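Novice: My structure is below; once you've seen it, I'll send some questions.
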Amino acid sequence: MSLCQTVQTPALTYEQPLGLFINNEFVKGVEGKTFETINPHNEKPIVAVHEGAEEDVNIAVKAARSALNGEWKQVTPSERGRLLTRLADFLERDIETLAAIEALDNGKGVTMAKGDVTASAGCLRYYGGWADKIYGQTIDTDTNSLTYTRHEPVGVCGQIIPWNFPLLMFAWKIGPALATGNTIVMKTAEQTPLSGLYVAKLIKEAGFPPGVVNVISGFGRTAGAAIAAHMDIDKVAFTGSTLVGRQIMKSAADSNLKKVTLELGGKSPNIVLPDANLEEAIEWVNLGIFFNHGQCCCAGSRILVHEAVYEKFLELFKKRAEQNKVGDPFNTETFQGPQVSQIQYDRIMSYIKDGKGAGAKVVTGGDRHGSEGYYIQPTIFADVTEDMTIVKEEIFGPVCTVQKVRSEEEAIQVANDTNYGLAAAVHTTNINTAIRVSNAIKAGTVWVNNYNTLHYQMPFGGFKESGIGRELGSYALENYTEVKTVRVHLSQS
Ligand code: ADP
């Protein structure tokens, strides 16, 4: 099988790299295997890409290690920054192609996909700006010493990303790692390998030395597990399910105690209080759950509404959800495309069945949308109780529950009644209430009168079982540096 193929999308035709990207070259996997990636809009294969497994990870790690100790080490911090900003420019230059790839491979609406490309370029440029601003401290302990700290790269970083934002997660991961001088072995999600390979081509074009970024298309149980257990990977950064996050941490502990950062699942509460601007709140609640077809780790899937506005809220929210344009990702008006895969489709539909069986009221949706592709109607369940599975478990689809609460205190108590703690929101026009509730909620991000407004300058990550460490902002840099203390004894003669 070849290493590149012309791919036709409804928007444009482009050249898709298919190989593993190691040492700045596209290559076949050692085992010679390939796997198909499926278009979720029509359930048909797009292309087959080369599959990487343990041996390929080993080769990629060697490449990354030798770049780390060789050419990359000689690249100045300013030059690292320049490479990152140049890569950002290339993403923007190729925005139409990258958005088409995401629409084709992931199923997200092409207009939303363009937003992902812009955010990815912004993220890379932001970290490009950080590259020559990584400082340690000088510490004055006594007149006989000079003590200072250096923030050195951790080393070879394994990065494992999911399929819900294939390009954006790639950018979130490589930005801080490269700014701080690390090298990377990246494993993309098996459902969505295409944009990562395209960006690999841009990484080479931007002028990154060979081996600095290596991209492996492959499966979690083979390539992913090999990264987590590798003895010569210094750090693993993972975004995905809590279940797999636990396995990664175990593997890290059982192998070389590599550093671990995890960005995991959520069941985020979205609180609407009686003094909220209801129309605005509903816009945000709608975006909070249905954006990216509900496939966001921070999706506002548990909507907690004060009893004073509960009935009115349900009436307006139903109306709003039914206006969401569901359909072909290549229609520029589309808000919600198909779910990413048959497996995800089946999982979500089984939660819907479970909710119906448990006696929750279907306010709208609850079925497949259309007859082809992995489409699901935007679904709202109301009159739910806290013991229901649909209230407890992450569904990762366009499905939310609306619960009635009687007071601010009850809203906080229910909001925190979960093992997760990724995000939350509160809608109120009272600044005191807003800050009181935000402080009381155990979550890594709290939005006040908005939702899902992530930004590369703002840290993002989870309390409790939603993760370890923070991505984005200056906080993410801490994951990618080791602090070294140097103490010099000063001779008095
Ligand atoms: P999802 O269930 O939404 O697909 P996962 O957590 O399974 O989320 O997948 C997220 C990423 O983790 C993907 O790149 C996947 O291949 C990878 N992965 C899955 N299982 C493992 C594993 N056991 N070890 C390492 N990576 C894994």
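Novice: If amide H atoms are built 1.01 Å from N in the plane of the peptide, which residues on other chains or at least 5 residues away come under 5 Å of the amide H of Asn270?
Specialist: Close amide H contacts, sequence-distant or interchain: Arg302, Ile303, Leu304, Ala425.
Novice: Put Lys318, Lys108 in order of accessible area, largest first, 1.4 Å probe: what do you get?
Specialist: Numbers: Lys318 75, Lys108 0 Å².
Accessible-area ranking of Lys318, Lys108, largest first: Lys318, Lys108.
Novice: Something else now. Just to confirm the number: angle between the C-alpha axis of helix 54-69 and the first principal axis of the chain, 0 to 90 degrees, nearest 10?
Specialist: In the chain, helix 54-69 runs at an angle near 60 degrees to the longest axis.
Novice: Determine the order of Glu263, Glu55, Glu279 by accessible area, beginning with the largest, at a probe radius of 1.4 Å.
Specialist: Glu279, Glu55, Glu263
Novice: Another question about this same structure. At 222 nm, what value in deg cm²/dmol follows for the chain if DSSP H runs of at least 4 each add -39500 (n - 2.57) and the sum is divided by all its residues, to the nearest 500?
Specialist: Working: 15 runs with 178 residues, N = 493.
The helix-only estimate for the chain comes to -11000 deg cm²/dmol at 222 nm.
Novice: Which distance in nm do the two modelled labels at Glu386 and Ser66 give, with both placed 7 Å along the Cα-to-Cβ direction?
Specialist: About 5.8 nm separates the two model spin labels.
Novice: Order Glu408, Glu307, most accessible first, counting only protein heavy atoms with a 1.4 angstrom probe. Walk me through the numbers before you get to the answer.
Specialist: Values: Glu408 35, Glu307 95 Å².
Result of the area sort, largest leading: Glu307, Glu408.
Novice: Count charges around Glu482 for me, please; just the other residues with Cβ under 14 Å from its Cβ, Lys/Arg as +1, Asp/Glu as -1.
Specialist: Once all neighbours under 14 Å are counted, the net charge is +2.
Novice: Using the crude model of +1 on Lys and Arg Cβ and -1 on Asp and Glu Cβ, and no other charge, please compute the dipole size for the range 136-233 relative to its Cα centre, in debye to 20.
Specialist: Charge dipole of the range 136-233: 440 debye, to the nearest 20.
Novice: Under the Karplus relation 6.51 cos²θ - 1.76 cosθ + 1.60, θ = phi - 60°, what is the ordered set of whole-Hz ³J(HN,Hα) values for the range 196-210, x standing for Gly and Pro?
Specialist: For the range 196-210, the Karplus curve yields x, 5, 5, 5, 4, 4, 5, 4, 5, 4, 5, x, 5, x, x Hz.
Novice: Separate question: For the pair Glu280 and Thr143, what calculated FRET efficiency results from E = 1/(1 + (r/R0)^6), where r is the Cβ-Cβ distance and R0 = 41 Å, to the nearest 0.05?
Specialist: Computed FRET efficiency for Thr143 and Glu280: 0.10.
Novice: For the range 269-455, what is the accessible area per residue in Å² when the probe is 1.4 Å?
Specialist: For the range 269-455, the solvent-accessible area averages 40 Å² per residue.
Novice: Where does the charge balance sit around Ala226 when Lys and Arg score +1, Asp and Glu -1, over other residues with C-beta under 12 Å from its C-beta?
Specialist: -2
Novice: So what is the relative contact order for the chain, in percent, with contacts set as C-alpha pairs under 8 Å and at least six apart?
Specialist: Answer for the chain is 17 percent.
Novice: Taking loop as defined by DSSP and a crowding limit of 14 other beta carbons within 10 Å, which GluC sites (Glu not before Pro) in the range 321-385 fit?
Specialist: Answer in residue order: Glu333, Glu372.
Novice: Give me the percent relative contact order of the range 338-455, please, defined on Cα pairs under 8 angstrom at least 6 residues apart.
Specialist: It comes to 18 percent, rounded to a whole number.
Novice: Val110: accessible area at probe 1.4 Å, nearest 10 Å²?
Specialist: 20
Novice: Going by amide H atoms built from the backbone, whose H comes under 5 Å of the H on Val405, apart from near neighbours?
Specialist: Answer set, sorted by chain and number: Val305, His306, Glu307.
Novice: What is the pair-distance distribution P(r) of the chain, computed from all Cα-Cα distances in 20 Å bins starting at 0, with each bin given as a whole percent?
Specialist: Per 20 Å bin, starting at 0, the Cα pair percentages come out as 24, 53, 21, 2, 0.
Novice: Another question, if that's okay. Looking at this model, which pairs from Lys250/Lys484; Lys44/Lys187; Lys108/Lys319; Lys204/Lys267; Lys133/Lys267; Lys44/Lys356 are more than 28 angstrom apart at the alpha-carbon? Mind showing how you got there, number by number?
Specialist: Details: Lys250/Lys484 26 Å; Lys44/Lys187 23 Å; Lys108/Lys319 23 Å; Lys204/Lys267 39 Å; Lys133/Lys267 36 Å; Lys44/Lys356 31 Å.
Violating the 28 Å Cα-Cα cut-off are Lys204/Lys267; Lys133/Lys267; Lys44/Lys356.
Novice: So, one more: Which one of Phe219, Ala103, Gly136 is farthest out on the positive end of the charge dipole of the chain, using unit charges on Cβ (Lys, Arg +1; Asp, Glu -1) and the Cα centre as origin?
Specialist: Gly136
Novice: Also, I was wondering about something else. Give the residue list of trypsin sites (Lys or Arg not before Pro) in the range 402-493 that are DSSP loop and have at most 15 other beta-carbon atoms within 10 angstrom.
Specialist: Arg406
Novice: Along the charge dipole of the chain, pointing to its positive end and built from +1/-1 on Cβ of Lys, Arg, Asp and Glu, which listed residue (Leu68, Ala189, Val27) has its Cα farthest out?
Specialist: The one lying farthest along the dipole's positive direction is Leu68.
Novice: Could you tell me what percent of the accessible area of the range 348-434 is made up of carbon and sulfur, with a 1.4 Å probe and every protein chain present?
Specialist: Using a 1.4 Å probe with all protein chains present, the range 348-434 comes out at 43 percent carbon and sulfur.
Novice: Right, here's the next one. Note down the net charge around Met249, summing +1 for each Lys or Arg and -1 for each Asp or Glu among other residues with Cβ under 15 Å from its Cβ.
Specialist: Result for the local shell: +3.
Novice: Something else: How many angstrom lie between the Cα centre of the range 244-315 and the Cα centre of the range 429-459?
Specialist: What the calculation gives is 12 Å, centre to centre.
Novice: Compute, for the range 443-493, the length of the dipole vector about the Cα centre, with Cβ point charges of +1 (Lys, Arg) and -1 (Asp, Glu) only. Units Debye, rounded to 20. Could you put the intermediate results ahead of the total?
Specialist: Working: 4 positive and 4 negative charges, 34 e Å.
With Lys and Arg at +1 and Asp and Glu at -1, about 160 debye.
Novice: Carbon and sulfur: what percent of the range 47-122's accessible surface (1.4 Å probe)?
Specialist: Here carbon and sulfur together make up 53 percent of the probe-accessible area.
Novice: Dipole of the range 226-286, Cα-centred, from +1 at each Lys and Arg C-beta and -1 at each Asp and Glu C-beta, to the nearest 20 debye?
Specialist: About 560 debye.
The values are calculated or read from the model by the stated rules, or taken from the named source; none is laboratory data. From a predicted model like this one, the values you see are computed outputs, not experimental measurements. Counting neighbours? That spans all protein chains shown, and the Cβs are built from the backbone with ideal geometry, glycine included. What goes into the accessible areas is simple: the full protein's heavy atoms, side chains included, and nothing from ligands, DNA or RNA. Shrake-Rupley method; radii C 1.70, N 1.55, O 1.52, S 1.80 Å.
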